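**Student:** Would you mind keeping the following structure in view while I ask a few things?
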Amino acid sequence: MKKYLRFFISKQFLLNLLAIFVVWFAIIRIDMWYLKSTTDFGESIEVPSFYKIHMDDLDVFVKDKELDYEIVDSVYMDGWPKGTVCWQYPKPTDSTGMSIKSGRTIQLSVVPESPQMVWMTCVKGQSKRMGETILQSVGIRTKVSYKPSPIGPGYIMEHNFNGKAVDTAGMFIPKGSRVELVVSKGKTGEATPLPSVVGLTIKDARQRFSSVSVSIHIECENCKTQEEIENSMITRQNPNGGPNVQVAAGTSVTLWSRFEGDNGGGTDDPSL
C-alpha cells in the first residue's frame, strides 16, 4: 500500500500529470481558436429584409452587410413589383428574432419581369384534391370557394382566373398565378332567390347569379369562343326567374343564348 502511495506522490508521476494537463489545455485552446477563425463561432449578424428590392440593386444592397445572396427561383405574384424579391430564407431578423453568421448565403425568389407561361388544364368535374394537385404540379396556386349544387359535394364546378371563367379547353397563364376553384357542397335544402336574366348577356348574368346559390349551365346556339359565350344574349332560362321566385340552393339553372356580335354588354331589366 505504501508502495502505491509513494508512486502517486513521486516527482515523476506529478510531472507526467502536469504534462497531461498542459497538453489537454493546449488542445482546448487550439480548438477554440480554430472554430472561431473558420466558423465565426460566437459571432452573429442580423438578417436584413430583401423584400421588394429589385434584383438589379441586390449587389449594392449586400455590399457592406457581410453576407451573400443566391436567386434560386422566380414566382409570379399578382400585384407584386416585377423583378423584385418576393421570398427569402432565412427570414428577416425583425420578424423571426434569429441571427446568422457572417458570410451566410441568403436564398431569394424574385417576381420575373416576363413571367413563365404554363398550361392550365381544365379540372372541371375533378375532385377538389385532384384538381389542386394537377394545378399545383405545374406551379399554379389555388383558392377554393364553395357553392350549393345538385351534384355531390367535393367536385369542382368551375374555375376562374382574374374573375373570368376558364375555357374548358384550358389556357396558358403565368406560373404562380392563383386560380379560384368553385367546389360543390351539395344540396343544402336552403332557399335562394332566382332572378330572371333573359335579355342579358352571359357575362351580366354571371354577376347577377354571383350573389345567389345556384349553378349555371349554358347552351349557346352559335358561340365558337369563350368570349362569344360571355357576350351572347340570353333568350331563355329554366327554371324561370323573377322578383318573388325562390328555388332550393344548389339548383341547376340552364341558360340558352345566342351571339349576335357587339350587343353593348346587355340590357338591365328594371324589374330585377
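**Student:** Report, in deg cm²/dmol and to the nearest 500, the calculated mean residue ellipticity at 222 nm for the chain, where each DSSP H run with n ≥ 4 adds -39500 (n - 2.57) and the sum is divided by the residue count.
**Tutor:** -7000 deg cm²/dmol
**Student:** In addition: If we count every other residue with Cβ under 14 angstrom of Val138's Cβ, Lys/Arg +1 and Asp/Glu -1, where does the sum land?
**Tutor:** Numbers: positive: Arg141, Lys175, Arg178; negative: Glu132.
It works out to a net charge of +2.
**Student:** Which of the pairs Lys82/Lys143; Lys82/Lys175; Lys65/Lys101 have their Cα atoms more than 18 Å apart in this structure?
**Tutor:** In this structure, Lys82/Lys143 exceed 18 Å between Cα atoms.
**Student:** Related question: Could you pull out every one of the aspartates and glutamates with an alpha carbon less than 20 Å from that of Lys91, ignoring same-chain neighbours closer than 8 positions?
**Tutor:** List returned: Glu43, Glu46, Asp57, Asp59, Asp64, Glu66, Asp68, Glu70, Asp73.
**Student:** Extending each Cα 7 Å along its Cβ direction at Glu190 and Ser127, get the distance between those two points in nm, one decimal.
**Tutor:** Once both label points are built, they end up 2.6 nm from each other.
**Student:** Using a Gaussian network for the chain with springs between C-alpha atoms less than 10 Å apart, which of these wobbles most: Val166, Val22, Val212?
**Tutor:** Val22
**Student:** A follow-up question, please. Give, in nm to one decimal, the length gained when the segment between Lys101 and Thr168 is fully stretched (0.36 nm per residue of separation minus the Cα-Cα distance).
**Tutor:** Net length gain for the segment: 18.9 nm.
**Student:** Ignoring chymotrypsin sites (Phe, Trp or Tyr not before Pro) that are buried or in helix or strand per DSSP, and keeping those with at most 16 other beta carbon atoms within 10 Å, what is the longest stretch of the chain between them?
**Tutor:** That would be 52-272.
**Student:** Scan the chain and hand back the longest stretch that contains none of the trypsin sites (Lys or Arg not before Pro) lying in DSSP loops with at most 12 other Cβ atoms within 10 Å.
**Tutor:** The answer is 64-223.
**Student:** Full-extension gain between Ile45 and Ser210, please, as 0.36 nm times their residue separation minus the C-alpha to C-alpha distance.
**Tutor:** Difference between extended and current length: 54.2 nm.
**Student:** Tell me the label only: which of (i) 71, 24, 15; (ii) 26, 20, 19; (iii) 32, 20, 16 is semi-axes √(5λ) of the Cα gyration tensor in Å as calculated from this structure?
**Tutor:** Computed from the coordinates, semi-axes √(5λ) of the Cα gyration tensor in Å corresponds to (i).
**Student:** Dipole of the range 45-110, Cα-centred, from +1 at each Lys and Arg C-beta and -1 at each Asp and Glu C-beta, to the nearest 20 debye?
**Tutor:** On the way: 7 positive and 11 negative charges, 30 e Å.
Once rounded to the nearest 20, the dipole reads 140 debye.
**Student:** If you add up the charges near Ser95, with Lys and Arg at +1 and Asp and Glu at -1, over every other residue whose beta carbon is less than 15 angstrom from its beta carbon, what do you get? Write down the numbers at each step before the final one.
**Tutor:** On the way: positive: Lys52, Lys91; negative: Glu46, Asp94.
Value of the local net charge: 0.
**Student:** Of all DSSP beta bridges located in the chain, what percent are antiparallel, nearest 5? Numbers along the way, then the final one.
**Tutor:** Values: 27 of 46 bridges.
Within the chain, antiparallel bridges account for around 60 percent of the total.
**Student:** Then there's this: Would you mind checking the tilt of helix 11-39 against the longest principal axis of the Cα atoms of the chain, expressed as 0 to 90 degrees and rounded to 10?
**Tutor:** Around 30 degrees separate the two axes.
**Student:** Another question about this same structure. Mind checking the range 39-121 for GluC sites (Glu not before Pro) that DSSP puts in a loop (not H, G, I, E or B) and that have at most 16 other Cβ atoms within 10 Å?
**Tutor:** Glu43, Glu66, Glu113
**Student:** Simple spin-label model, 7 Å along Cα-to-Cβ: Glu219 to Ala26 in nm?
**Tutor:** My value for the distance between the label points is 9.8 nm.
**Student:** Count charges around Glu230 for me, please; just the other residues with Cβ under 11 Å from its Cβ, Lys/Arg as +1, Asp/Glu as -1.
**Tutor:** Overall, the nearby charge balance is -1.
Bear in mind these aren't lab numbers, they're just calculated from the coordinates by the rules spelled out. What you see is a predicted model, and the numbers here were worked out from it, not measured in a lab. All Cβ positions, even for glycine, are placed from backbone atoms using ideal geometry, and neighbour counts span all protein chains on display.
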